[in-house]
1. Of the residues Val90, Val53, Val32, which exhibits the maximal mean-square fluctuation in a Gaussian network model of the chain defined by a 10 Å Cα contact cut-off?
2. Give the angle, between 0 and 90 degrees and rounded to the nearest 10, that separates the Cα long axis of helix 42-59 from the longest principal axis of the Cα atoms of the chain.
3. Take the Cα radius of gyration of the range 1-139 and divide it by 2.2 N^0.38 Å, with N its residue count; two decimals is plenty.
4. Could you check the simple spin-label distance between Asn9 and Gln45, using points 7 Å along Cα→Cβ, in nm with one decimal?
5. Looking at the chain, which Cys residues are left with no other cysteine's beta carbon under 4.7 Å from theirs?
6. Of the candidates Val140, Val176, Val97, which one comes out as most mobile in a Gaussian network treatment of the chain with C-alpha springs shorter than 10 Å?
7. Of Arg42, Arg25, Arg74, which has the largest mean-square fluctuation in a 10 Å C-alpha GNM of the chain?
Amino acid sequence: MSEFAFNLNEKYTYKDYLDFPENIRCELINGVIYNMSPAPRRYHQKISTRLLVKFFNYLENKPCEVYDAPFDVRLPLTKENSDFLINTVVQPDIVVVCDKFKLDDAGCLGAPDLIVEIISESTASKDLKIKFNLYEKVGVKEYWIVFPDEKIIQIFKLKNGEYGKPEVFGLDDKIVVGLFPDLTIEVNDLFRSI
């Protein structure tokens, strides 16, 4: 069996993405392939699971839904949403979607309401620059960036189509979730024992 290789000079679509071998973990942003690390570290999984459980328990029997990676989020940049035209597919660590019409068997088509990315050394540049600009452009209402080493969380909220300065939360803080004001998350609960 020959090893699968991407042509770095080629732009890909969601249709191409569907044809990639199953063992290839990647994201497409504006047609460009970004490899993902094969498996997140244990502390990454602990934080992700704790946050997922908090959202899941809160959203039980409510119209919004939460999903964790791998979960394809297809972000068409035009009204055309054909598999041949969509050239952006990301797999955030956690997504919250409140519009059930954006959900299908393939994942989410359109901007989720809230996205969480947990920073690792290999993804930091992409999460802090490329995905930040992408999520702002497509209208993700809240973008949470979790920094495990520093034990802080930055939350960007969309206002007038732009993310302003982030709210920054440390170990002693409680986050009142902007989309769900009656949901409070203690930051220390997410980072304990890591």
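1. Maximum among the listed residues: Val53.
2. 70
3. Scaled against compact globular proteins, the figure is 1.06.
4. Between Asn9 and Gln45, the label points sit 4.1 nm apart.
5. If one checks each Cβ against the other cysteines of the chain, Cys26, Cys108 turn up with nothing under 4.7 Å.
6. Per the Cα network of the chain with a 10 Å cutoff, Val176 tops the list.
7. Arg42
Read the figures in this text as sums done on the coordinates, not as results from a lab. Treat the numbers as computed from the prediction; the structure is a model and nothing was measured. Using ideal geometry, Cβ is built from the backbone for each residue, glycine included, and neighbour counts are taken over all protein chains shown.
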